[in-house]
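A quick write-up on the structure given underneath.
Derivation of every value follows stated rules applied to the coordinates shown; laboratory data play no part. All figures in this text were calculated on a predicted structure; none of them were measured in a lab. Methodologically, a virtual Cβ is constructed for each residue, glycine included, from the backbone with ideal geometry; neighbour enumeration extends over all protein chains shown.
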């Protein structure tokens, strides 16, 4: 018997923009507060050099989505976004209708800027609103208020953007159930195509982790907010398709779906992470770039810009796959698992059977999906796939 072949999945491009106006106390992303004028022209040169260096890993493959994340990508002038996209499109094959998302902070919205992004090729915006309550925004350290948030969304809509995501958090310091409901009501009034709705967590190495804010809702209050808000989202026509993602029909985020389906993504920029399936080597590679913008600018396009490479051995692939796929309401198929990991379905049979027995997963032929109970205990379900013995992969 031969080993199943690793089949390269769809490819995305992630571009990290590491600067922001002010670091939020809950943020654990690679973001650095702006100090003076930012070197965006030099940074685009570095991004294209970085891309050139990694191109041999993806020769001949089509890019289906592009995502500018941060930091605050909306600090970057539209002409530099356009220059990068033109350079990238001359090096890579972009799929027709390629989804191109840019994260935007309402506090950096300016008249005319969204028209520029649209002209540059951006066709989806993701706004980091977090809340429409000014008190909550102040306690979160955000630089915008609720008025600016609404104005930014309307500016984008006036510029022709109809594919918009609003990021909202709940269980915020001092927040009540009624306040969480009101946040969603304000969001619905703006008619976004997509809503990301997730609980505030105190991540390690953040200001909030070191000095937790006062008046955080307890677990029961947070659960009440989650259940009530999920009901409101469904009633407003936003179908949940992932743990924290809700979309109107046909408006799921293709870029994030590719992550959750264990797709491939090329990561460029300071601190960017990528995951690539190397078909000719039958290997899965994770690569990340140096986090500090200064060092990245000096070394981009050379091996020195690479912060590390990690080959994902077969024993780790089931857990990695489930870490993503089990966030999806629709789950995955065993055929997809085999193609994405190069492992037979038998390699996860024991953990799968245990999760089904506990009522966490359900199987229907080739399809595997989390139950409502399983979605409540996603981390416990995923951890089951850490316990598997190293899979036996037959020699070809």
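Going from the residue with the fewest nearby Cβ atoms within 10 Å to the one with the most, 354, 364 rank 364, 354. Projecting the alpha carbon convex hull of the stretch 263-353 along each direction and taking the average yields 7.0 nm². If R0 equals 30 Å, the separation of the Cβ atoms of residue 216 and residue 151 corresponds to a calculated FRET efficiency of about 0.55. Dividing the C-alpha radius of gyration of the stretch 315-386 by 2.2 N^0.38 Å, with N its residue count, gives 0.95. Judged by the mean number of other Cβ atoms found within 10 Å, the most tightly packed of the peptides 329-339, 162-172 leads the ranking 162-172, 329-339. Each residue of the stretch 237-396 gets 147 Å³ once the volume of the Cα convex hull is shared out per residue.
Going from the fewest other Cβ atoms within 10 Å to the most, the residues 253, 27 appear in the order 27, 253.
Size descriptors for the stretch 56-124 (Cα atoms only): Rg and Dmax, in that order, 12.7, 40 Å. Ranked by how many other Cβ atoms sit within 10 Å of their own Cβ, fewest first, the residues 129, 306 fall in the order 306, 129.
Using alpha carbon centroids, what distance separates the stretch 1-69 and the stretch 272-334, in Å? Cα centroid of the stretch 1-69 versus Cα centroid of the stretch 272-334: 11 Å apart. Applying 1/(1 + (r/R0)^6) with R0 = 30 Å to the Cβ-Cβ distance of residue 230 and residue 366 gives a FRET efficiency near 0.60. Largest GNM mean-square fluctuation across 344, 39, 370, computed for the chain with C-alpha springs under 10 Å, falls on 39.
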